[in-house]
Amino acid sequence: MTNPGDPQQHRGYYGAGWSQPAPPGPGQQHGQPGPGGQVPPRGRQPGAGAPYGPPRPPRVPAEPRRAFAPGASVTNTAGALIAVVALVLVEFVSGLFNLLGTSLLVNPLAHYGAGADLLGSFTTAVFAGPFPYYAGAFLALAFLTPIDRRSPLPNLLRRAVLAGAAGTVALALVGVVTGTIATVRSGGARLVVDVVTGPLQNGVPLTVMLLATATAAWLWLGRPRRGRGTASSPGMPGTVRPADAVPPATVQPPQQQPPGPWGGPAPR
């Protein structure tokens, strides 16, 4: 027998603690008004304020062996930033040595003819001139050809070459504008220089250096991770990645027999 006032009857047919409606009685179809005259809206759980939706499927990682892997992530942006910033530093150090050597012969602040001074030439050669290449290579490495630590080295070098080609194309696009303006004074040959020969002259050595910086970024992203607060001395636990699986024990520990009724071992 059941008690009509027993709260166990109102716990729902989905289990304890669920505020689900009771199953429809005989002669009542799904979707018809219940005893209270209200129909729960379709797509909502009774008692819930937000509409119910299916769970979002997990994101499938990109194939590390493909040349193009479109997508944006923090790891891709970090790899592109490391490669391009390292390239800018190499150009800066190389141009700084050239500036120091030239300043021993001429005054770096003096103007000679219609050209700029040495500091202006240094700024143009290191930052302003190759800036379209830096921007194009960064966007390509961040969104089209990322530096994935799971990728093999040949595939990484192929992606770096494609990013260098994107930077060279960016130099050519800027050369279309500058060459068109200079064509009025210098003729059509200036357009060929700014669109074809100039971008190739600057893009080829920059791409070779980008191969080295992209490889350094690939090695940096693929280094073993350590937890915070752990020692960094070699040979200590925690400096290498743990094994994916631990094999089960091959020797089982002996099982103790329960004592008999008179204190001795139980008979087998």
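Please treat every number below as a calculation from the coordinates, not as lab data. No experiment lies behind these values; they were computed from the predicted model shown. Cβ: placed from backbone, ideal geometry, glycine included. Neighbour counts: every protein chain shown.
Please give the net charge around residue 98, taking every other residue with its beta carbon less than 15 angstrom from that of residue 98, where Lys and Arg add +1 and Asp and Glu add -1.
-2
For residue 209 paired with residue 184, estimate the spin-label separation in nm (one decimal), with each label point 7 Å from Cα along the Cα-to-Cβ line.
Going from the residue 209 label point to the residue 184 one covers 3.4 nm.
Grab the other residues whose beta carbon is less than 11 angstrom from that of residue 181, score K and R as +1, D and E as -1, and report the net.
Charge balance near residue 181 sits at +1.
Take the alpha carbon gyration tensor of region 100-202, find the square roots of its eigenvalues, order them as a ≥ b ≥ c, and report rounded if a/c is under 1.5; if not, report prolate when a/b exceeds b/c, else oblate.
It comes out oblate by the Cα gyration axes.
Taking 0.36 nm per residue of separation and subtracting the Cα-Cα distance, what length does fully extending residue 153 through residue 97 add? Kindly include the intermediate steps, with their values, before the conclusion.
Numbers: separation 56, 0.36 × 56 = 20.16 nm, distance 3.18 nm.
Length gained, residue 153 through residue 97: 17.0 nm.
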